[in-house]
Amino acid sequence: MSESFLTSESVDLDLPEQHSFTAGDLEILKSYEAVVDGLALLIGSHCEIVLHSLQDLNCSAVRIANGEHTGRKIGSPVTDLALRRLHAMAEGDSNAHAAYFTRAKSGVLMKSVTIAIRNGQQRVIGLLCINMNLDVPFSQLISTFMPPETQDMASPVNFASSIEDLVMQTLEFTIEEVNVDRSVSNNAKNRQIILNLYEKGIFDIKDAINQVAERLNISKHTVYLYIRQFKNGDICGQEK
């Protein structure tokens, strides 16, 4: 089944009841623009991602990434297939149906999913459509998920089960990180550990200071002192 596009004459379908959009509705849709960009960066150029606003079906596409796969751009209309998905989602509680396969006008096979965007009253105000081109060479697809040879691997990520575990895992990793750094003297290690934790944002977490102070066997007032020094640009204070 090919994916067809609506003309100005074809939008008079039996749609769910339409309402004017509020400022809040528009803000919700605006917040999804970053989702479009982020998914495109994550999944790669072989995947088209479209954000539709249902305020005007004739020019519903308000954000699009990799639109070359279907020839669409900002201002393109919603598709009849998306409308059928909209009907099903508007009549139920689901915000997404099972993925489905379709073909674009160019003939490429695509695996797609349509996700409903609801406002505070649970009315569907937009659609996030993800269309993966399955006809791209496999080597091109797999290269998207491999780091470039010239790029250094990122630091390990802590997938903690609780916020306390996140603090402790980050703290233990930072202690090890500082202990193997020969440029840091023994009497400056605690201060360097706290500086590294501060730069990682760990002290934005409630009670992190208490956990760090207990683990390093120093007072929380010393931790506060170091943090104040860092904020004031003093990174050469003395170990307490």
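The values are calculated or read from the model by the stated rules, or taken from the named source; none is laboratory data. Predicted model only: the values in this text are computed from it and were never measured. Every residue, glycine as well, gets a Cβ built from its backbone with ideal geometry; the counts of neighbours run over all protein chains shown. Side chains included, ligands, DNA and RNA excluded: accessible areas come from the protein's heavy atoms. Shrake-Rupley method; radii C 1.70, N 1.55, O 1.52, S 1.80 Å.
Observations on the model:
- Single match in Asp204, Asp152 (criterion: open to solvent by 90 Å² or more (accessible area, probe 1.4 Å) and modelled with pLDDT under 90): Asp152
- Number of positions in the stretch 107-123 that are among the β-branched types (Val, Ile, Thr) and closer than 18 Å to Glu33 by Cβ: 3
- Flag if Val36 is in contact with a Leu (Cβ under 7 Å, 6 or more places away or on another chain), farther than 17 Å from Asn119 by Cα and open to solvent by less than 50 Å² (accessible area, probe 1.4 Å): yes
- Residue within the stretch 60-81 that is in contact (Cβ under 8 Å) with a residue 60 or more places away in the chain and farther than 18 Å from Val36 by Cβ present: yes
- Figure legend. Inter-residue proximity from the stretch 207-229: first residues surrounded by 13 or more Cβ atoms within 10 Å (Cβ to Cβ), second residues of a type in the set (Ser, Thr, Tyr), beta-carbon distance below 8 Å, spacing 6+ or different chains. Indicated pairs: Ile209/Tyr224; Ala213/Ser219; Ala213/Thr222; Tyr226/Tyr198; Ile227/Tyr198.
- Among the residues of the stretch 15-32, the one identified as part of a loop (DSSP other than H, G, I, E, B) and at pLDDT 95 or above is Tyr32.
- Listed by first and then second residue, the pairs linking a residue in the stretch 172-190 that is without any contact (Cβ under 8 Å) to a residue 60 or more places away in the chain and part of a helix (DSSP H, G or I) to a residue that is surrounded by 14 or more Cβ atoms within 10 Å (Cβ to Cβ) and of a type in the set (A, V, I, L, M, F, W, C), with Cβ atoms under 7 Å apart and 6 or more places separating them unless they lie on different chains, are Thr174/Ile193; Thr174/Leu197; Ile175/Ile193; Val178/Val184; Val178/Ile193; Lys189/Val178; Asn190/Leu216; Asn190/Ile218.
- Whichever residue in the stretch 60-87 is assigned to a strand (DSSP E or B) and either open to solvent by less than 40 Å² (accessible area, probe 1.4 Å) or touching a Pro at 6+ places or on another chain (Cβ under 6 Å) (or both) and, among such residues, is nearest to Asn119 (Cα to Cα): Ala61
- Listed by first and then second residue, the pairs linking a residue in the stretch 37-59 that is within 14 Å of Ala82 (Cα to Cα) to a residue that is among the basic types (Lys, Arg) and open to solvent by less than 60 Å² (accessible area, probe 1.4 Å), with Cβ atoms under 9 Å apart and 6 or more places separating them unless they lie on different chains, are Val50/Arg72.
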